[in-house]
1. Expressed as a rounded percentage, what relative contact order does region 1-114 have, with Cα pairs under 8 Å and six or more residues apart?
2. Under the 0.36 nm per residue contour assumption, what length would be gained going from the current alpha-carbon distance of residue 372 and residue 167 to full extension?
3. If r is the Cβ-Cβ distance from residue 72 to residue 306 and R0 is 51 Å, what FRET efficiency results, to the nearest 0.05?
4. To make sure I understand the rule: partners must be lysines, Cα under 17 Å from the Cα of residue 169, and not fewer than 8 residues away in the same chain. Which ones qualify?
5. Label region 216-296 by shape, choosing from rounded, prolate and oblate, from the square roots a ≥ b ≥ c of the eigenvalues of the Cα gyration tensor; if a/c is under 1.5 it is rounded, and otherwise prolate applies when a/b is larger than b/c, oblate when it is not.
6. Mean separation of Cα pairs under 8 Å and 6+ residues apart, divided by the residue count of the chain: what relative contact order is that in percent?
7. Report the full-extension gain for the segment residue 314 to residue 98: residue separation times 0.36 nm, less the Cα-Cα distance, to one decimal in nm.
8. If a/c stays under 1.5 just call it rounded; otherwise compare a/b with b/c (prolate if a/b is bigger, oblate if not). Do that for region 44-136, with a ≥ b ≥ c from the square roots of the Cα gyration tensor eigenvalues.
Amino acid sequence: MMGVHQSQNELFSYRVNLDHRVRRDHPLRRVAAAIDFTFVRAEVARFYGENGNVGVDPVILLKLMFLLFYDDIPSERELMERLPERLDYLWFLGYGLEDDIPDHSVLSKARRRWGSEVFAQVFIHTVQQCVRAGLVDGRKIHVDSSLVDANAARESVLKGPPELIAAYKAAYAAQESKLAEGTTAPGYQAVNDHVVSTTDPDAALARKGGGLSRPRYHHHRAVDDAQGVITAVETTPGSIAESSQLMELVQQHQTHTGTAVTTAVADGAYGTAENLAACMEAGIAPHLGGGQKMGQRPEAAAHLFSEDKFIYDEVSDTYRCPAGQKLVRRRLHPYRGTGEYTAGKTVCQSCSLRQQCTTAKMGRSLQRHPKEKLIEQGRRLARSVAAQRDRRRRQHLIEGSFAQAANQHGFKRSRWRRLWRQQIQDWLIAAVQNVKILLKATVKKHLAAMAQRPGGAAGHFCGWNPTD
């Protein structure tokens, strides 16, 4: 049966009134004023019965998990050990000095009982709070991802034939670490088809920089351009390419904020043909880095004719090369979906411009995507001055968001195991960061209001009542 804790503001046996002991401008007072945690009772009511033992109030459980990441406390056990000596924590939870502190195990039980979707709603709740506060514009988002070390050592990785690994993952109901659609050849077997972590089978081997590969997760997020509010979060195994999640994050952002995206900003990893085409089809300006510029060739082949020297004829679906020869589509790439155009080996071998065109024995070939027009339009937008300016802003906006998560909230390593628990961690950290943005804006608004009063803001802030 779900319990509802009744907080009482009264003097205890030691004649200590916690409301008087916690300073008026304490950050947790501002958190309590900005976020109404009681909404979680309605979210989790279906997980409790009408009879039986009375459990810990879900509001207290959620606040405890919030504190865990808000102050980056190493473990739930340590959080419970700190509670009796932290008057601000007790006040925030609605506890008194003589109230019984719950065992740390109630938090893991609550996570398992509630599931990950409840914590997604916690995150969405903070996004909507920021929207109502006017901190989200919604039209321009910045997208990026970061690898998170799983709570599993490299030594936990088991190697074997694909059939054995697949059976092991199925036994543990591990999440699939391949995309249903991608640019990998059907016959290609990825590294993670041959390995699995026996500690956390959902995590996938991934390499970060020049380091060793180890079990990791991939955290993907979108932040709004106005104030850096995190509006969308996706968690996948570490082997999933960051570029594959762009449109998923766009859709999440639009659902959470109620505003259509008009501009998506990201680094070179996202500038794929698929993303450029998808953005153009959705009416989104793709300010994405990467992607080969039209006419650009590798430095080693800079002396050869660039692709813009080949004229495409849409009616005949052919290219005309600088020598006047026709390049026809010989085949469709089996997994990239691009058409390969060539004039043929004998034509290129006898061409007087061969030295300026190709070094390949089979002659010059070109690749064309079925949505090439849209892709080229996207490339032009990605090379614009506005796109370059947005990518410069991205460097401190979303990378700063990741830095704050890592330095202040324990983002870079999983606290728990399995994908659904990692999702909970990612949603809680993003929610905490959004609350901080909301509090910062609230303080600025209050200071601006106090500055309009006689005597200005000086001397008033320490006595601020969050309900002012």
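The numbers here are math on the coordinates, done by the rules we state, and not lab data. Remember, it's a predicted structure, so these values are computed and weren't measured experimentally. Virtual Cβ from ideal backbone geometry, glycine too; neighbours counted across all protein chains shown.
1. Dividing the mean separation by the residue count of region 1-114 yields 36 percent.
2. 69.7 nm
3. 0.50
4. Residue 169 reaches 159, 178.
5. Since a/c reaches 1.5 but b/c is at least a/b, the shape of region 216-296 is classed as oblate.
6. Details: 738 pairs, mean separation 87.0, N = 468.
Over the chain, the number comes to 19 percent.
7. Contour length minus Cα-Cα distance gives 69.8 nm.
8. Numbers: a/c = 1.81, a/b = 1.19, b/c = 1.52.
Oblate, since a/c reaches 1.5 and b/c is not below a/b.
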